[in-house]
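Taking it in order: structure first as structure tokens, then the write-up.
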């Protein structure tokens, strides 16, 4: 990929060919991806918990409706 500003090539390091800025950016992006994986896992767990609680609430509501209909 050709750089728009050739002066950006001067701080290149021999270990991997990335500038310090690019290494930091890659490190931050790696951390962001790891954190997003944790967030996705937390959302999945809370969704599962919500589904369970919703099912329990639905069962309780159904039971209450039966009792109320029986008393009419």
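Quick one: is residue 52 modelled with pLDDT under 85 and assigned to a helix (DSSP H, G or I)?
Yes: the conditions hold for residue 52.
For segment 1-29, which positions are exposed (fewer than 10 other Cβ atoms within 10 Å of the Cβ) and either part of a helix (DSSP H, G or I) or at pLDDT 90 or above (or both)?
Hits for segment 1-29 are 6, 7.
The values are calculated or read from the model by the stated rules, or taken from the named source; none is laboratory data. Nothing here was measured: the structure is a model prediction, and the numbers come from that model. Glycine also receives a Cβ, built like all others from the backbone with ideal geometry; neighbour counts cover every protein chain displayed.
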